[in-house]
Amino acid sequence: MPELPEVETVAQGLRRRALGRRITSVEVRHPGAIGGSAEEFASSIEGRTLAGVSRRGKTIAVELARKDSTEPRFLLVRLGMTGQLTVSPHDVPIESHTHVLMTLDDGREEIRFRDPRRFGRLRSLSQAELDRVLDKLGPDAQLVTEPQFLAAMRGRKGAIKSWLMNQGLIAGLGNIYADESLFEARIHPLAQPGRVSRAKARQLYRAVRKVLARAVRLGGTTFSDYLDIEGRPGAFLAKLKVYQRTSEPCRRCGHTIRRIVIGGRSSHFCPHCQTRPRFIADSTHSRRRTSHQAA
Ligand SMILES: [Zn+2]
């Protein structure tokens, strides 16, 4: 599932390949991929030029300008679980599950949105509508300041793993990078954010930044579906230290990586490097263990 590094890689790809180009026509092949009316989506962005690409957490907002209009539109991109946004030559055969085609300029290339599991969405928004969407998100995990990060931890009792994934507090982390950041900072996933020492909290802040920066440099992590704008997988998979490494030896100490379920999601950690704290989160279902390995 795409998280900040994968979404950032797609945003960088859009800037490189599509900025300044004009969307001359839009074909919606599966209306479910569009938030709102597919007809309004198409008519509101046709004829507009990609004027800027920004990202907050896992959400991309593409600013679409038009010569005869001072009001920008924004193309909001959410990749969901399996969404792929690519810039493809028009004559490359269209893969199954390609739901939206946005023709660029003279028609030789197009932006394609493909999404087998259909949790991703494209929307066309006004500035006010975009602001409302962004207001629900916390600061971006790459831009959050240390004081903001520490303040968001204060008094929180739930599992720190769930806290890291709460997009309303800090936007961008999902299961992969939350697990990797906690390992990097040597914090147990069931620790309570409000009970973590100041030194440990600062360690976590630095760990999040470090893990995300490394993953962005390597173009993100591909397990199955995620691809960059050219259709290439990310290279961070080989660098993962705990995520999806249940029963394998810890790369730091050799102890066996374990998996527990917290808030319905798998958490992977090293019980030796990430010792269980005296106070753990009170989420009752958080200690349930299962034998099969799932994301
Ligand atoms: Zn270890």
*Between ARG118 and GLU46, with labels modelled 7 Å along Cα→Cβ, what's the label distance in nm to one decimal, could you check?*
2.5
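Please return the longest range in the chain lying between exposed loop sites, taking chymotrypsin sites (Phe, Trp or Tyr not before Pro), DSSP loop only, at most 16 other beta-carbon atoms within 10 Å, and leaving the sites out.
1-118
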_Mean separation of Cα contacts under 8 Å, 6 or more apart, over the residue count of the chain: relative contact order %_ = 18
*Might you report the magnitude of the Cβ-based charge dipole of the chain about its Cα centre, with Lys and Arg at +1 and Asp and Glu at -1, to the nearest 20 debye?*
2060
*If you count the DSSP beta bridges with both ends in the chain, what percent of them are antiparallel, to the nearest 5?*
95
*Normalised by the number of residues in the range 60-195, what is the relative contact order in percent for Cα pairs under 8 Å and 6+ residues apart?*
20
*Would you calculate the separation in nanometres between label points at LYS157 and GLU248, each defined as 7 Å from the Cα along the Cα-to-beta-carbon direction?*
3.7
*Gaussian network model of the chain, Cα springs within a sub-10 Å range: biggest mean-square fluctuation belongs to which of GLY35, GLY254, GLY13?*
GLY254
*Measure off 7 Å from each Cα along the Cα-to-Cβ vector at ASP106 and VAL92, then give the distance between these two points in nanometres to one decimal.*
2.0
_Flagged links, alpha-carbon separation over 23 Å, of LYS67/LYS136; LYS161/LYS241; LYS161/LYS200; LYS157/LYS210; LYS136/LYS239; LYS210/LYS241_ = LYS67/LYS136; LYS157/LYS210; LYS136/LYS239
*Accessible-area composition of the range 63-131, carbon plus sulfur, in percent [1.4 Å probe]*: 48
*For the chain, list the DSSP H helices whose alpha carbon atoms reach 18 Å or more along the long axis and whose average Kyte-Doolittle value is -0.5 or above?*
4-18
*Distance from the range 3-17 to the range 65-118 (C-alpha centre basis), Å*: 14
*asked:* Could you report the chain's accessible area per residue, 1.4 Å probe, as an integer in Å²?
replied: 46
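The values are calculated or read from the model by the stated rules, or taken from the named source; none is laboratory data. From a predicted model like this one, the values you see are computed outputs, not experimental measurements. Ideal geometry is used to build each Cβ from the backbone, glycine not excepted, and the neighbour counts take in all protein chains shown. With ligands, DNA and RNA removed, areas are computed over all heavy atoms of the protein, side chains included. Shrake-Rupley method; radii C 1.70, N 1.55, O 1.52, S 1.80 Å.
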